[in-house]
Amino acid sequence: MNVILIVCGAILACSALLLVVRISLGPTMLDRIVGLDALVAVVICGLALEAAVHQHTTTLPILVVLSLLGFVGAVSVARFSPGSDDVEEERP
């Protein structure tokens, strides 16, 4: 059991490090937003892993709030980013 936890923690830490690099080096704003959204997902996975290890549900509200913030943030950026509007495609 401890080996599995160490492997899961190492994978999450490695992915978080790679996502921070992606956020800092991203050539466009959309690349940075996608990296930030994925980083929020990694944080959610880390909190879920911690809750599973300690067998408590006190982090459940935090998980719900983070998932809602990640979803709303990604949708709002996708909606209001330049070139993402369908109305622009209809112009001659």
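What to note about this one:
- Tallying residues that are surrounded by 16 or more Cβ atoms within 10 Å (Cβ to Cβ), among the charged types (D, E, K, R) and modelled with pLDDT under 90 within the stretch 31-47 yields 1.
- In the stretch 63-80, the residues that are open to solvent by 70 Å² or more (accessible area, probe 1.4 Å) form Cβ pairs under 9 Å with partners that are assigned to a helix (DSSP H, G or I), at six or more places apart or across chains, as follows: Leu69/Val40; Phe71/Asp37.
- Among all residues of the stretch 12-30, there is at least one that is without any contact (Cβ under 8 Å) to a residue 24 or more places away in the chain, in contact with an Asp or Glu (Cβ under 9 Å, 6 or more places away or on another chain) and buried (at least 16 other Cβ atoms within 10 Å of the Cβ).
- Of the listed requirements (1) assigned to a helix (DSSP H, G or I); (2) over 13 Å from the mean Cα position of the chain (by Cα), Thr57 misses just one: (1).
- Selection count, the stretch 70-79, where residues are closer than 13 Å to Met29 by Cα and modelled with pLDDT of 80 or more: 2
The values are calculated or read from the model by the stated rules, or taken from the named source; none is laboratory data. Values in this document were obtained by computation on a predicted structure and should not be read as measured data. Ideal geometry is used to build each Cβ from the backbone, glycine not excepted, and the neighbour counts take in all protein chains shown. Side chains included, ligands, DNA and RNA excluded: accessible areas come from the protein's heavy atoms. Shrake-Rupley method; radii C 1.70, N 1.55, O 1.52, S 1.80 Å.
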